[in-house]
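Student: I'd like to ask some things about the structure below.
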Amino acid sequence: MVIVGEIHIKECNTKAVRLRFFLKRSWRVKYMKHYLTLCGLFLTLMATGCAPALIGAGAAGGYKVATDERNADGMWDDSAITTKVKTELLKDHMTTAFQIDVDTLEGKVFLTGVVETEQESERAVEIAKNVPGAKKVTNNLQIGERTFGQSVDDTVTGSRIKAKLIVEPGIRSLNIDVDVYNGVVTLRGIVDSSDQRKRAIEIAQSTSGAVRIVDNIKVQNH
């Protein structure tokens, strides 16, 4: 009986190892597909000369000087406010600053990301409101968690949206910041017309991986 038991245990262990290998292989295949998707987008944009713009926008997470509708003083003030908010979030023991994305547009601060509790979300808003120059704080923070896998999915979704905006006629894509957290897409920036705003939202809505769209786009002079 003991011998049979040992054989049974070994068989179970072997099946467990095979299962773990299968899951790891499945996980690798899934995210290799995402990686290849990103590479495909990059190569396509390289052919059109737009890849540096896409990479720059994704890395900076903000609005570009070359096409920005704000004047130089306005952009400088917004940058200073964003930096100050991020600094205060880092100093605060209640907030996880690296999970909170901060953008400022004409003195209006936008908080985007995923935090663990409602208290942390409220604390982040309080910190942003107390920063000199902040006129208004828009809280787009989600309560919950974001897995590594979801983070990869969000990166792919954001890249797809940005790529579509770049090749869309009549839209200055670098004026529109795209953030994606758990499938929730936040669009933020300044455009010339309501039609451009509507089209940017339509592009985001039609993109695979987008669960919901948060519209923080402002139409110039409105």
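Readers should treat all values here as calculations from the given coordinates under stated rules, not as data from a laboratory. Just so you know, these numbers come straight off a predicted model, no measurement behind them. Positions of Cβ are backbone-derived with ideal geometry, glycine not excepted, and every protein chain shown enters the neighbour counts.
Student: Got a sec to turn the phi values of the stretch 122-130 into Karplus ³J(HN,Hα) couplings, 6.51 cos²θ - 1.76 cosθ + 1.60 with θ = phi - 60°, whole Hz, x for Gly and Pro?
Tutor: 5, 5, 4, 5, 4, 4, 5, 5, 7
Student: Here's something else I'd like to know. Tally the DSSP beta bridges in the stretch 96-139 and give the antiparallel ones as a percent, rounded to 5. Write down the numbers at each step before the final one.
Tutor: On the way: 6 of 10 bridges.
Just about 60 percent of them are antiparallel.
Student: Any of Lys164/Lys198; Lys86/Lys164; Lys86/Lys135; Lys129/Lys162 with alpha carbons more than 19 Å apart? Name them for me. Write out the running numbers ahead of the final one.
Tutor: Numbers: Lys164/Lys198 14 Å; Lys86/Lys164 30 Å; Lys86/Lys135 16 Å; Lys129/Lys162 30 Å.
As for pairs spanning more than 19 Å Cα to Cα, those are Lys86/Lys164; Lys129/Lys162.
Student: The stretch 87-158 to the stretch 168-222: how many Å between their Cα centroids?
Tutor: The distance from the Cα centre of the stretch 87-158 to that of the stretch 168-222 comes to 19 Å.
Student: Using Cα positions and a limit of under 17 Å, work out the aspartates and glutamates in reach of Lys136, with same-chain residues fewer than 8 apart set aside.
Tutor: Asp77, Asp78, Glu88, Asp101, Asp103, Glu106, Glu122, Glu126, Asp215
Student: Can you give the three extents of the C-alpha atoms in the stretch 89-222 along their principal axes, from longest to shortest, in whole Å?
Tutor: 46, 38, 18
Student: Under a plain spin-label model, where a point goes 7 Å from the Cα along Cα-to-Cβ, how far apart in nm are Ser151 and Glu202?
Tutor: Going from the Ser151 label point to the Glu202 one covers 3.6 nm.
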